[in-house]
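K.L.:
Got a structure for you, questions after.
Nothing in this text is a laboratory measurement; each read-out follows from the coordinates by a stated rule. Only a predicted model underlies this, so the values are computations on that prediction, with no experimental measurement involved. Quick reminder, even Gly has a Cβ in these numbers, built from the backbone with ideal geometry, and neighbours come from all protein chains shown.
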Amino acid sequence: MGLYYRGTSQGMGAFFDMFYQHPILMLLVIIGVVGIGVFA
């Protein structure tokens, strides 16, 4: 997954690698987006 995105876009590759190594960040982002959607 990381290699595929790194080949297409360096920024996106680093972004997905960060989520791949720290899945808890993905959960926090999802919770944040849902929270904004509910309270906004």
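K.L.:
Given the Cα-Cα distance of Gln10 and Ala40 and 0.36 nm per residue of separation, how much length would full extension add, in nm?
P.N.:
Values: separation 30, 0.36 × 30 = 10.80 nm, distance 3.28 nm.
So the extension gain works out to 7.5 nm.
K.L.:
Still on this structure: Between Asp17 and Ile31, what is the label-point separation in nm under the 7 Å Cα-to-beta-carbon projection?
P.N.:
Inter-label distance under the simple model: 2.7 nm.
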